[in-house]
1. For region 2-202, take N as its residue count and report Rg(C-alpha) divided by 2.2 N^0.38 Å.
2. I need the calculated FRET efficiency for the pair residue 305 and residue 351, taking r as the beta carbon distance and R₀ as 30 Å, to the nearest 0.05.
3. Given 0.36 nm per residue, what is the gain on full extension from residue 475 to residue 271 after removing their alpha carbon distance, in nm?
4. Please report, in Å, the Rg and the Dmax of region 354-399, where both are computed over Cα atoms only.
5. Can you work out the FRET efficiency for the pair residue 241 and residue 200, with r the C-beta to C-beta distance and R0 = 35 Å, to the nearest 0.05?
6. Using r as the Cβ-Cβ distance of residue 31 and residue 141, and R0 as 56 Å, what FRET efficiency do you calculate, to the nearest 0.05?
7. Arrange 114, 128 by Cβ neighbour counts within 10 Å, fewest through most, would you?
8. Given the options 203, 218, 255, identify the residue whose Cα lies farthest towards the positive end of the charge dipole of region 201-281 (+1 on Cβ of Lys, Arg; -1 on Cβ of Asp, Glu).
Amino acid sequence: MARYYPKSTLRLILYGFAVVALPLLLALGLAGIYMDRLLDQSQNAVYKAVQATQDSRILTQQVITMERRGRQYLLLQDQALLDAYHSTRRELQSTVTKLHELTRDSPHRRLVDTFIAAEQQLAHQILTTDTDADSLGEEIAAGFDQLNELAQAILADSNQLIDQEVQIMQETGGEAQRLLVALAFTLIPLTLVSVGVFTTLISRPIRQVHQAIRHLGAGNFEQRIQVSGPLDLQHVGKRLDWLRQRLRDLENQKTRFLQHMSHELKTPLTAIRESVDLISDRIVGPLNDQQAEIAQILRSNARQLQGLIEDLLNFGTAQSHSPALNLDHVNLREVIEEVGQNHKPALLAKHVRLECEVGDIHVVGDREKLATVVDNLLSNAIKYSPPGGKIQLELSRRNDTVELAVTDEGPGIEGDDKERIFDAFYQGRLPPEGYVKGSGLGLSIAREYINAHDGSIRTVEHDGQGARLVVQLPSTVEQLQTT
């Protein structure tokens, strides 16, 4: 298909316009030709009809004049009357010649020929007779009566000539109409097919570019970008594929950097936590109250820093490949209680109450990753809860689905942030002063792990204040690969 495309999109569009317009121009040209023929025919018909009618009337008058002068000559034998007779006869012959040229149909022409023959015979009788005019009077009168009858017949036939020409014009107009209708029925489908073909040829590469940009925006950097069409759009496709490769390389570099940095940070952090634990446990010596408080602050911040580093590690792992699941039967109530116990110092520090409504519900899943999901949801709720607030955690089963809902009394989630809070490093609007800041990876990691369990996570509206996040998991995930 690519070899049929021109070198530029503009040329393709021009070709499309030309192909679409060509049948229409052909129809207009043929219509113009037929209209021109119809116009010429109508002009000729009007001219011939008017001329034939006029000449027929003149012919009738000339027959009367010639009859009067011919009879006068026969009575008086005057040379002047003979000359007048010849003059009138020449005018009559000229008129008859015009009528003979104007008529094409055989009946009318035969009528004119009959008139010519009768007039010549009558003239011969008038000019060559040596007898007395009285003896030829009746014969001459009968000859002129015949000429008068023929002249009247020619006049009547000339009047019918108009109707004949009108009929011919109607036939020509009908033929033109039938041709134009046939052209319409033929060219309209052809035009629509041409429009469809060139619309496809023009829109296909544009759709390919649009689809490629959507894939890039969605982070799909593995599928090769190839755009068909004119050379300029093919060049755009090649540049987009180059951009895809660059983004893929940058994404891989970012993932490797996060993994490397997380591991590098985790090593000294482990030493810091162990040292702080030794100091807090008073293994290296007794502590006064102020020293014990400082040691507790160090321990809390070291734990928080460890959580951030683990988020980076988990995020790097999730970005590099789909999380592998170690499936087992998991008691979600035990997981929630264990995670809640780990967050007890943070809850006490902000005087936040955690109310749990959980049943003894089991699912098939990865215990460690489900614990990370609960930990991130609870951490997010604590971070945005005001001092003295309440966090409500609900676990229930609905048909074949297990639902976990975490609700806080914080500032809530704005409309624009509801679709983006699960994106990596996105923290939404700035939290109020005094809130604990995070990395913006917790919800992103939670979504990756929930998707790996064939579940879903979303924000939902509720009657109270704050945000409400709901996780839905299938009761079993046995169809998933246990790698």
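Coordinate-derived values only; no laboratory data. All figures in this text were calculated on a predicted structure; none of them were measured in a lab. For neighbour counting, all protein chains shown are included, and Cβ atoms are generated from backbone atoms with ideal geometry for every residue, glycine included.
1. Normalised by 2.2 N^0.38 Å, the Cα Rg of region 2-202 equals 1.88.
2. 0.80
3. Fully extending the segment from residue 475 to residue 271 adds 69.4 nm.
4. 12.5, 37
5. For residue 241 and residue 200, the calculated efficiency is 0.95.
6. That gives a FRET efficiency of 0.45.
7. Going from sparsest to densest Cβ surroundings: 128, 114.
8. Comparing the listed Cα positions along the dipole, 203 ranks first.
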